[in-house]
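This report concerns only the one structure given below.
Bear in mind that the values in this text are calculations on the coordinates, not laboratory data. Just so it is clear, the structure is predicted and the values come from calculations on it, not from any experiment. Because the Cβ atoms are built from the backbone with ideal geometry, glycine has one as well, and the counts that use them run over all protein chains shown.
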Amino acid sequence: MSQVELQRRVEQNANDTVEIYDLLKTMNGTLTEHTRLLDGLAEQVGELKAQQGELKAQSGEILGILKHR
């Protein structure tokens, strides 16, 4: 392999490494954002489950009142 070819390959590898690094940074940012969104969704699910429990309790109370009429 000639010195010129070796130098070209080294430069290409360096360029590829920079490109891969940039892609990994982008992917990391995307994963961080997705994690933040999923955390928000998990919090909302918890709130909805709490509301569901409250509604079940209220419906039980209403049914109890209606049964005693």
Two pseudo-spin positions, 7 Å from Cα along C-beta at Leu23 and at Glu43, lie apart in nanometres by 3.4 nm
What distance in nm lies between label points placed 7 Å from Cα along the C-beta direction at Leu66 and Val4? 9.0 nm
On C-alpha positions alone, give me the angle between the axis of helix 3-67 and the longest principal axis of the chain, in degrees, nearest 10. 0 degrees
Per 10 Å bin from zero, what fraction in whole % of the C-alpha pairs of the chain is there, up to the bin with the longest pair? 17, 17, 14, 14, 12, 9, 7, 5, 3, 1
In nanometres, what is the gap between the two model label sites at Thr35 and Leu55, each 7 Å from Cα along Cα-to-Cβ? 3.3 nm
